[in-house]
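Chemist: Before we start, here is the structure in question, set down as structure tokens.
Just so you know, all these numbers are worked out from the coordinates, no wet-lab data involved. Because the structure is a prediction, the values reported are computed rather than measured.
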Amino acid sequence: ASAFNTMAHELGATTVSVENLEGIFDSMAGALIIFGADGAISNMNRAAVEMLGYQNKEDLLDATYDQICEVPGGGRARLLGDASEDGILVSAERTFIRKDGSRLPVSFSGTQLRRHGGPLRGYVCVAQDLTGLKQIEDRLRASLSEKELLLREVHHRVKNNLQVICSMLAMQAGDFADARAHGQFIEIESRIRSMALIHEQLYDAEDFAAIEMRSYLGTLTANLVRSFARDATVAIDLQVAELSIYMDKSLACGLIVNELVMRSLKYAFGARRSGTITVRLAQHDESECVLVVEDDGRPLGEGHDANEEALGMSLVVALAQQLRGTLTVKREERNRVQLVFPTGALDVMVA
């Protein structure tokens, strides 16, 4: 198409007569059509005649542009209506109307025919049949649809398998009389559920690569409150921006939030049995995100098993390293953990 565009531009810039170009026209594989200033066909090559489904070009002479061409999907197309200021139209998609009424997709380009500073003499246009390309696009679209269906099924099955594991852990936890062993099984179940939730959201999403974080963290924290604060009144203050993060990083963020909120629910409020846990996530600039989990309870480290706390924080530290982030922990008047992690151009999509 670029070669046709170049030729069309050169033709528009010269004074070569149409009669002298007949042999060149008919030797071209692409369709070439010359329109008068009024938009009527004044000449065309053999390829254009055949592309439009005719035998002789005389049958098309004096036909107008509107009679042989329309925009994709139907509708009138103005001759070189999308052309630049210098009168050149580069590869716009159009639809040829063939003799039998069928439609043929083409890549259409052209230029004005005029002498320097002179009046418009007409237009010279070239077209390339896009039927083969459209067929390839249709096959690719069908293949992509099939792959999306298979990927959706994979996420569905992974989610179901993880839920089965959670159910088995819950059943096993019920066999333990030891409260600590029972609690450890419930914590493991909670971590697995946070991973299952990722696959559940991907199964329902249009984009299989990224997770909408507000919905994900909202469901995750609600599940944690139901599991670890049944006899307490704990509010979740969710301050999550409308952004989507690709799967690997969203999974790490989810596990970090799961661990920190679970720790707060178990240890921060003590006999008080009420309080607020705040979860914030926002894109600080185009290169990093900030995740904050804090509560208004007593500083952790008081009145509970330090070994369990160390185990939970070791997981948070490992996940922060996986994200190549900077972790800041404050336990003075309230518990506050902040993670700043880098994001590339393909990691985060802002709604």
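Chemist: Using a Cα-Cα cut-off of under 23 Å, which lysines could be cross-linked to Lys99, ignoring same-chain neighbours fewer than 8 residues away?
Modeler: Candidates past the 8-residue exclusion: Lys57, Lys134.
Chemist: Using modelled amide H (1.01 Å from N, peptide plane; none on Pro or chain starts), what sits under 5 Å from the amide H of Asn43, excluding residues fewer than 5 places away?
Modeler: Sorted by chain and number, the residues that satisfy this are Ile34.
Chemist: Hey, another quick one. What ³J(HN,Hα) values, in whole Hz, does the Karplus curve 6.51 cos²θ - 1.76 cosθ + 1.60 give for region 285-290 when θ = phi - 60°, with x put for Gly and Pro?
Modeler: 8, 6, 10, 7, 10, 10
Chemist: Would you mind pulling out the separation of the Cα centroids of region 180-243 and region 102-120, in Å?
Modeler: So the two Cα centres are separated by 60 Å.
Chemist: In whole angstrom, how long is each semi-axis of the equivalent ellipsoid of region 113-180, when you take the square root of 5 times every eigenvalue of its Cα gyration tensor and sort them from largest down?
Modeler: Over the Cα atoms of region 113-180, the ellipsoid semi-axes are 68, 16, 5 Å.
Chemist: Now a separate question. Which translational diffusion coefficient, to the nearest whole µm²/s, is obtained for region 210-351 from the Stokes-Einstein equation, given a Kirkwood hydrodynamic radius over C-alpha pairs, 10 °C and 1.306 mPa s?
Modeler: Result for D is 104 µm²/s.
Chemist: Another question, if that's okay. When the C-alpha atoms of region 176-243 are aligned to their principal axes, what extent does each axis show, in angstrom, from largest down?
Modeler: Principal axes ranked by extent give 45, 24, 13 Å for the Cα atoms.
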